[in-house]
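Undergrad: Below you'll find the structure I mean.
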Amino acid sequence: MKKRILIVEDEKDLERVVEDTLLREGFDVVKAFDGEKGLDAFYLYNPDLILLDINLPQKNGWEVCKEIRGESNVPIIMMTARDSEIDELKGLSIGADDYITKPFSLKILAVKVKKALKIDHNSSYQFRGLSFDFKSGELVVDGEKMELTRREIQFLEYMIKNKGMIFPRETLLNEIWGYDFEGNDRVVDTLVKRVRKKMGNYNEMLRTIRGMGYLFDESKTQSF
């Protein structure tokens, strides 16, 4: 399932670019523009992480953080233009997990969010609505868990970890079936067809390069 991020920020332009960044990273996003609505959204949507501004209408970020921390251990990252050490210490002391000062790098924000959510890209892959866990072999497509066979798991992991590289059938046979496999190399084509079907809207990421082999290519999903 996608991780859900709650953004509580009254600067709508900033909120918009943060939302766009998180959506590109494959997160689900809900938002609120003042402290009271932020609390309402927290109780309603049960987010996995909260990005919380300090200078908010209705209730400020300190108040919101204190109330949420009294109810939940959900990770909270404070976003603020207040860059004094005292403010940072205050935010951390009332339960915030991290603190980022405006203006900030969107790339750094994304890294902080993934770190707080303990998303380890060495053990999982996520692109928009598609996620694949290398440890469990779980494939989730737009919120729906897809059942994979052992060879489908091995194949998808191999292609994702080597994305951007073209592999001929012979290489895939050796990697997935083993060097002593004596069957026809067309089993690779059948496996690819099965995996593509289970990838749904993301099936074009598994590309056929005529006369060469197969390629895992994220650019084929840019249109949706």
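The values are calculated or read from the model by the stated rules, or taken from the named source; none is laboratory data. What you see is a predicted model, and the numbers here were worked out from it, not measured in a lab. Methodologically, a virtual Cβ is constructed for each residue, glycine included, from the backbone with ideal geometry; neighbour enumeration extends over all protein chains shown.
Undergrad: Are any residues in the range 122-143 free of Cβ contacts under 8 Å to residues at least 60 places away in the same chain and under 16 Å from ARG24 (Cα atoms), and if so, which ones? Write out each step before concluding.
TA: First, pick out the residues of the range 122-143 that are free of Cβ contacts under 8 Å to residues at least 60 places away in the same chain: 122-125, 132-138, 142.
Within the range 122-143, TYR125, ASP142 qualify.
Undergrad: So which residues in the range 144-154 are touching a strand residue (DSSP E or B) at 6+ places or on another chain (Cβ under 9 Å) and either closer than 21 Å to PHE27 by Cα or in a helix (DSSP H, G or I) (or both)? Break it down into steps so the answer makes sense when it comes.
TA: At the first step, the residues of the range 144-154 found to be touching a strand residue (DSSP E or B) at 6+ places or on another chain (Cβ under 9 Å) are 145-148, 152-153.
Within the range 144-154, LYS145, MET146, GLU152, ILE153 meet the criteria.
Undergrad: Next question, about the same structure. Of these, LEU39, LEU14, LEU22, which one is surrounded by 15 or more Cβ atoms within 10 Å (Cβ to Cβ) and in contact with a Leu (Cβ under 9 Å, 6 or more places away or on another chain)? Give the steps one after another, and end with the answer.
TA: Values: LEU39 fails: in contact with a Leu (Cβ under 9 Å, 6 or more places away or on another chain); LEU14 fails: in contact with a Leu (Cβ under 9 Å, 6 or more places away or on another chain).
Within the list LEU39, LEU14, LEU22, the selection yields LEU22.
Undergrad: Condition check: at pLDDT 90 or above, in a strand (DSSP E or B) and either touching a Ser or Thr at 6+ places or on another chain (Cβ under 8 Å) or within 21 Å of ALA116 (Cα to Cα) (or both). Does ILE50 satisfy that? Walk me through it before giving the result.
TA: Numbers: at pLDDT 90 or above: yes; in a strand (DSSP E or B): yes; either touching a Ser or Thr at 6+ places or on another chain (Cβ under 8 Å) or within 21 Å of ALA116 (Cα to Cα) (or both): yes.
In short, yes.
Undergrad: Identify, by number, the condition in (1) more than 18 Å from LEU130 (Cα to Cα); (2) hydroxyl-bearing (Ser, Thr, Tyr); (3) under 16 Å from the mean Cα position of the chain (by Cα) that TYR43 doesn't meet.
TA: TYR43 satisfies every listed condition except (3).
Undergrad: Within the range 163-192, count every residue that is loosely packed, with under 12 Cβ neighbours inside 10 Å, within 33 Å of the chain's Cα centre (by Cα) and under 18 Å from THR149 (Cβ atoms).
TA: Residues in the range 163-192 being loosely packed, with under 12 Cβ neighbours inside 10 Å, within 33 Å of the chain's Cα centre (by Cα) and under 18 Å from THR149 (Cβ atoms): 2 in total.
Undergrad: Against the conditions (1) farther than 27 Å from ASP142 by Cα; (2) surrounded by 13 or more Cβ atoms within 10 Å (Cβ to Cβ), where does GLY200 fall short? Just the number, please.
TA: Of everything listed in (1) farther than 27 Å from ASP142 by Cα; (2) surrounded by 13 or more Cβ atoms within 10 Å (Cβ to Cβ), GLY200 misses just condition (1).
Undergrad: Residues in the range 41-56 that are over 18 Å from TYR99 (Cβ atoms) and of a type in the set (A, V, I, L, M): how many?
TA: 2
Undergrad: Looking at (1) more than 24 Å from LEU106 (Cβ to Cβ); (2) crowded, with 18+ Cβ neighbours inside 10 Å, which one does GLU67 not meet, given that it meets all the others?
TA: (2)
Undergrad: When you scan the range 23-45, how many residues do you find that are more than 19 Å from PHE127 (Cα to Cα) and part of a helix (DSSP H, G or I)? Lay out the reasoning, then the answer.
TA: Going through the range 23-45, the residues more than 19 Å from PHE127 (Cα to Cα) turn out to be 31-45.
Those left that are additionally part of a helix (DSSP H, G or I): 35-45.
Residues meeting the conditions: 11.
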